[in-house]
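Before any comments, here is the structure.
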Amino acid sequence: MSLRAAQARIQSQVWQAIAQGEIDLSGVDRSQLEALVKLVTEAALVEMNQEMGEAVADTAAPIAVEESIWDDNKEDVLWQGRPFLSLTLHYLITDERIRITEGLLNKTSENIELVRIQDVQYSQTLTERLLALGDIMITSHHPNHPQIVLKNVENPVEVYEILRRAILNARKKHNFTYREEM
């Protein structure tokens, strides 16, 4: 379910509960009532996401990255997380690749090597900015998926910076550069 769909369903249920409730709200201004419903909806979405995160014991907090981490030969996890309100999709960024795992019982995994990534961008709608969410768009030379979007990532600016730095370090480590065509 998308963020907008979840938001619409929760707002609908809040309005329905207000209509069926025994509370007299005739003296409340319509615009203030709409603001209250929007506030309750956003609080419910944040709470649902926290509960879902605890249920799968998965956090989207960036991992502190030390300078020395880039020099060793083992693969280190830089960030891991999941889309907002998702139980089945997980993202993992290491100093070598991005792993996207999907599924709850049956799992499929896709890996994108960082040296194959050409460009990274992020975007946020107004609602996503209020909830500290965003999408990270990745353009790569991956034959099956040249365009990949990490959707509804918490703290997208931090994740974008971690990914950007990891890509630069992976290119440097493997002496790899891209030449732009004009």
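The values are calculated or read from the model by the stated rules, or taken from the named source; none is laboratory data. Predicted model only: the values in this text are computed from it and were never measured. Neighbour counts are summed over all protein chains in view; Cβ atoms, including those assigned to glycine, are modelled from backbone coordinates with ideal geometry.
If you scan the stretch 81-119, which residues turn out to be within 22 Å of L3 (Cα to Cα) and in contact with a helix residue (DSSP H, G or I) (Cβ under 9 Å, 6 or more places away or on another chain)?
Filtering the stretch 81-119 down to residues within 22 Å of L3 (Cα to Cα) leaves 81-92, 100-104.
G81, R82, P83, F84, L85, S86, L87, Y91, listed by residue number.
Filter the stretch 3-57 down to the residues that are among the polar types (S, T, N, Q) and either touching a residue at least 24 places away in the same chain (Cβ under 8 Å) or in a helix (DSSP H, G or I) (or both) and list them by number. Outline the logic, then answer.
Restricting attention to the stretch 3-57, the residues satisfying the condition of being among the polar types (S, T, N, Q) are 7, 11-13, 16, 20, 26, 31-32, 41, 49-50.
Of everything in the stretch 3-57, those that are among the polar types (S, T, N, Q) and either touching a residue at least 24 places away in the same chain (Cβ under 8 Å) or in a helix (DSSP H, G or I) (or both) turn out to be Q7, Q11, S12, Q13, Q16, Q20, S31, Q32, T41, N49, Q50.
Looking at the stretch 76-92, can you tell me whether even one residue there is in a helix (DSSP H, G or I), at pLDDT 85 or above and over 30 Å from N169 (Cβ atoms)? No, every residue in the stretch 76-92 fails to be in a helix (DSSP H, G or I), at pLDDT 85 or above and over 30 Å from N169 (Cβ atoms).
Across the stretch 75-95, which residue is nearest to L163 (Cα to Cα) among those that are surrounded by fewer than 19 Cβ atoms within 10 Å (Cβ to Cβ) and over 14 Å from the mean Cα position of the chain (by Cα)? Ranking the candidates gives T94 first.
Is there a residue being more than 14 Å from the chain's Cα centre (by Cα) and crowded, with 16+ Cβ neighbours inside 10 Å anywhere in the stretch 121-136? No, that holds for no residue.
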